[in-house]
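Participant: Structure provided below as structure tokens; questions to follow.
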Amino acid sequence: MPDTLADDVRAPIEADITALRKGSTAWSALTVGQRVTLLRGVRRTVAANARTWARTAVRSKQLGDDHPLRGEEWLSGPYATLGALDAYIETLDRIANGRNPLDGIPIDRTASGQTRVHSFPLVGIDKLLLSGFTGEVWLTPGTTPGDARARAGLAQRAPQPGDGGIGLVLGAGNITSIPVLDVLYELLAHDRVVLLKVNPTQDALVPVFEKALAPLIAPGFLRIVRGGPDVGAYLTANDAFSHVHITGSAPTFDAIVWGTGAQGKRRRRENRPQLKKPIAAELGGVSPIIVVPGAWSDEDLRFQAEHVATMRLQNAGHNCIAGQVVILSHDWAQKDQFLTELRRAYAIAPERPIWYPRSDERMAQAAESYPDALVLADRLLVEVDDGDDATALEQTEYFAPVLGVEQLPGTGQAFLDAAVAHANERLQGTLGANVLIDPATEASLGAGFERAITALRYGSIAINTWTAFGFITPTVTWGAFPGNTIADVGSGLGVVHNALLLADVERSVVRGPFRPFPRSASIVRDGGRFTILPKPPWFASSRTAAEVSEGLTRFRAQGGVLALLRTLVQAMRA
């Protein structure tokens, strides 16, 4: 075990591990009903600290308290956490009362024959506020509906070898709910108490997390530590931990598993990992945005261009799931009009600091690779022409406001199949893919559209919404498409979130309405989805995003019909 840590750093870590060993015994003795009671306590403390959480996150990302994009920190922090707690409480409550987590939840098969769980929406308020949005979890080929029901609940119903003990979670630094959601999954899916090491960019959140998660910390079910790579190395080598989970980058993963320098390269060649315990990981990738050509109105073109800009610019592009490569049809009659709208939406979105460490270097790298890229305020737009080398754009996760556009020939099914193949074969990673398609075009493709979605090898697929909606929806799963290994980790190993505690997961598919309210009313006749949601509050172009995001979080935390109505009125002004 590395012994380079100073005594004053090592000693409190070892004290935390001692507390977790005791906590592991206490955790394993709790009944499922007692865990429900505990989670309800966590929910109360998260709700009580939601405002401080969001405000601290805003400032840690160098935004002012009145910045128009501050609502991002409400939705991606306390709102996401409260939603996950609600979903886990429901699942565990069912188990505690002798019911199956999937009781009453529709299960059928996809066109390819895979078992599919219709996992969102499940409660009335989601059906109302997020009407038109749905989520499905597709299970691995060969898994039957009976298997799904029998295995749902994971460690809460049938612990497996490898469950239990102490898990080490190395938290992400970009989205503030990620470390907390990863802790919850370790506790509930695998019965592991947790030591969480936060990314140094989230050090300011540690006091907030300690208050919000106090019901888990007091009995020794969770400990939180700060530190840099030296602390991370000490922890991953520590025999106290039975499992490691990391949200981060592939180079960090490789350093943990194989080591660094010449010695690390030698271990990898010889298949001798230095990490001797199991590891799960979520590592990002280059996410496509496939725009299927159709007959779009001017309003459609503008709305979907703003949608694409949001996929890249949310959190200044510091997202593992940020859309990076737009795949357009060269033969789409409206291609030039869409590109005009995209340039406009990308340019006028509110400016914000590029705050994540070394993102300025990746921006410079993109500018060097593509000197003809459009420089729009604090962001780059790379429009790849015929003959240009798109390799850097396709293989580099920039983790910064760099958006690329590629064009492929064809329309209809021919284009969609080519775009799917391009995404599968040319883009790095398998975490998330986005598809934008109008209802009339989808209907004209018939079974061909479902075949194309089946062929898209990504762990999260979003149709007419952004894969971040899948991230924030706790009853779908989050993780890379299965098949990666520690030797070739790609976008990662395993899944998280998954509040129904499903086994044998292959992917999740979320779908949204092609048009917002009130234009959604006119689309139903084309087979589209009606929604009461106007421009979603996560759009970078929403004028009331901050107020609506805070209002929705407060409603999730405290309820209150009048407050919700006020929030909905504000949403209509977006």
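The values are calculated or read from the model by the stated rules, or taken from the named source; none is laboratory data. All of these numbers come straight from a predicted model, not from anything done at the bench. Glycine also receives a Cβ, built like all others from the backbone with ideal geometry; neighbour counts cover every protein chain displayed.
Participant: Just one of 143, 56 is over 20 Å from the mean Cα position of the chain (by Cα), part of a loop (DSSP other than H, G, I, E, B), surrounded by 17 or more Cβ atoms within 10 Å (Cβ to Cβ) and hydroxyl-bearing (Ser, Thr, Tyr); which is it? Break it down into steps so the answer makes sense when it comes.
Facilitator: Numbers: 56 fails: part of a loop (DSSP other than H, G, I, E, B).
Unique residue meeting the criteria: 143.
Participant: A further question on this structure: Could you tell me which residue of segment 26-53 is nearest to residue 351 (Cα to Cα), considering only residues that are among the polar types (S, T, N, Q) and surrounded by fewer than 18 Cβ atoms within 10 Å (Cβ to Cβ)? Before the answer, list the steps.
Facilitator: Narrowing segment 26-53 to residues among the polar types (S, T, N, Q): 28, 31, 34, 37, 45, 49, 52.
Next cut, surrounded by fewer than 18 Cβ atoms within 10 Å (Cβ to Cβ) only: 28, 31, 34, 37, 45, 52.
Details: 28: 48, 31: 50, 34: 47, 37: 43, 45: 33, 52: 24 Å.
Out of the qualifying residues, it is 52.
Participant: Exactly one of (1) over 21 Å from the mean Cα position of the chain (by Cα); (2) within 27 Å of residue 248 (Cα to Cα) is unmet by residue 344. Its number?
Facilitator: For residue 344, the exception is condition (2).
Participant: To continue, here is another question. Which of the residues spanning segment 446-465 are touching a helix residue (DSSP H, G or I) at 6+ places or on another chain (Cβ under 6 Å) and closer than 18 Å to residue 172 by Cβ?
Facilitator: Once the filter is applied, which keeps residues that are touching a helix residue (DSSP H, G or I) at 6+ places or on another chain (Cβ under 6 Å) and closer than 18 Å to residue 172 by Cβ, segment 446-465 yields only 460.
Participant: For segment 543-565, what are the residues that are within 26 Å of the chain's Cα centre (by Cα), in a loop (DSSP other than H, G, I, E, B) and among the small types (Gly, Ala, Ser)?
Facilitator: If the condition is that a residue be within 26 Å of the chain's Cα centre (by Cα), in a loop (DSSP other than H, G, I, E, B) and among the small types (Gly, Ala, Ser), then 559 is the only one that fits.
Participant: Among the helices (runs of 4 or more DSSP H) confined wholly to segment 222-333, which include 3 or more residues that are under 18 Å from residue 491 (Cα atoms)? Explain how you work it out, then say what you get.
Facilitator: Details: elements: 229-236, 250-258, 261-270, 298-313.
Answer list for segment 222-333: 250-258.
Participant: Hey, another quick one. Scan segment 557-569 and give yes if some residue there is hydrophobic (A, V, I, L, M, F, W, C), surrounded by fewer than 22 Cβ atoms within 10 Å (Cβ to Cβ) and assigned by TED's automatic domain parsing to the domain that holds residue 431, otherwise no.
Facilitator: Looking only at segment 557-569, we keep the residues that are hydrophobic (A, V, I, L, M, F, W, C), and these are 557, 561-565, 568-569.
Add one more test, that the residue is surrounded by fewer than 22 Cβ atoms within 10 Å (Cβ to Cβ), and what stays is 557, 561-565, 568-569.
Now restrict to residues that are assigned by TED's automatic domain parsing to the domain that holds residue 431: none.
Scanning segment 557-569, I find no residue that is hydrophobic (A, V, I, L, M, F, W, C), surrounded by fewer than 22 Cβ atoms within 10 Å (Cβ to Cβ) and assigned by TED's automatic domain parsing to the domain that holds residue 431, so the answer is no.
Participant: Now for a separate question. If the Cβ limit is 9 Å and pairs must be 6+ apart or interchain, which residue in segment 488-502 that is surrounded by fewer than 24 Cβ atoms within 10 Å (Cβ to Cβ) pairs with which residue that is among the hydroxyl-bearing types (Ser, Thr, Tyr) and part of a loop (DSSP other than H, G, I, E, B)?
Facilitator: Within 9 Å, the pairs are 490/430; 493/485.
Participant: Please go through segment 218-275 and pick out each residue that is of a type in the set (A, V, I, L, M, F, W, C) and over 21 Å from residue 171 (Cβ atoms).
Facilitator: Within segment 218-275, 258, 262 meet the criteria.
Yes/no matrix, rows are residues, columns are (1) outside the structural domain of residue 43 (by TED's automatic domain parsing); (2) within 21 Å of the chain's Cα centre (by Cα); (3) modelled with pLDDT under 95:
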position	(1), (2), (3)
79	no, yes, no
83	no, yes, no
106	yes, no, no
111	yes, no, yes
115	yes, no, no
121	yes, yes, no
124	yes, no, yes
157	no, no, no
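Participant: Could you tell me which of the residues 136, 210, 186 is out of contact with any Lys or Arg (no Cβ under 9 Å at 6 or more places or on another chain), modelled with pLDDT of 95 or more and outside any loop (DSSP other than H, G, I, E, B)? First the steps, then the outcome.
Facilitator: On the way: 136 fails: out of contact with any Lys or Arg (no Cβ under 9 Å at 6 or more places or on another chain); 186 fails: out of contact with any Lys or Arg (no Cβ under 9 Å at 6 or more places or on another chain).
Exactly one residue qualifies, and that residue is 210.
Residue-wise test of (1) over 19 Å from residue 164 (Cβ atoms); (2) touching a Gly at 6+ places or on another chain (Cβ under 8 Å).
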{"residue": "237", "(1), (2)": "yes, no"}
{"residue": "241", "(1), (2)": "no, yes"}
{"residue": "250", "(1), (2)": "yes, yes"}
{"residue": "266", "(1), (2)": "yes, no"}
{"residue": "269", "(1), (2)": "yes, no"}
{"residue": "273", "(1), (2)": "yes, no"}
{"residue": "278", "(1), (2)": "no, yes"}
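Participant: Does segment 292-302 contain any residue that is assigned by TED's automatic domain parsing to the domain that holds residue 390 and within 19 Å of the chain's Cα centre (by Cα)? Walk me through how you get there before you give the answer.
Facilitator: Step one: of segment 292-302, the residues assigned by TED's automatic domain parsing to the domain that holds residue 390 are 292-302.
After this cut, where a residue has to be within 19 Å of the chain's Cα centre (by Cα) as well, the list is none.
Checking segment 292-302: not a single residue is assigned by TED's automatic domain parsing to the domain that holds residue 390 and within 19 Å of the chain's Cα centre (by Cα).
Participant: Pull out all pairs, ordered by first then second residue, where Cβ-Cβ is under 7 Å, the residues are six or more apart or on different chains, the first lies in segment 390-410 and is under 10 Å from residue 325 (Cβ atoms) and touching a residue at least 24 places away in the same chain (Cβ under 8 Å), and the second is basic (Lys, Arg) and crowded, with 24+ Cβ neighbours inside 10 Å.
Facilitator: Correct list of pairs: 403/312.
Participant: Please go through segment 446-462 and pick out each residue that is part of a loop (DSSP other than H, G, I, E, B) and hydrophobic (A, V, I, L, M, F, W, C). Spell out the reasoning first.
Facilitator: Step one: filter segment 446-462 for residues part of a loop (DSSP other than H, G, I, E, B), giving 446, 456-459.
Hit for segment 446-462 is 456, nothing else.
Participant: Next question. Sort through 487, 521, 443, 540 and tell me the only one that's under 25 Å from residue 78 (Cβ atoms), of a type in the set (Gly, Ala, Ser) and either in contact with a helix residue (DSSP H, G or I) (Cβ under 9 Å, 6 or more places away or on another chain) or assigned to a helix (DSSP H, G or I) (or both).
Facilitator: Working: 487 fails: under 25 Å from residue 78 (Cβ atoms); 521 fails: under 25 Å from residue 78 (Cβ atoms); 443 fails: under 25 Å from residue 78 (Cβ atoms).
Unique residue meeting the criteria: 540.
Participant: Which one of the conditions (1) at pLDDT 95 or above; (2) buried (at least 20 other Cβ atoms within 10 Å of the Cβ); (3) not small (Gly, Ala, Ser) does residue 534 fail to meet, given that it meets all the rest?
Facilitator: Here residue 534 meets the rest and fails (1).
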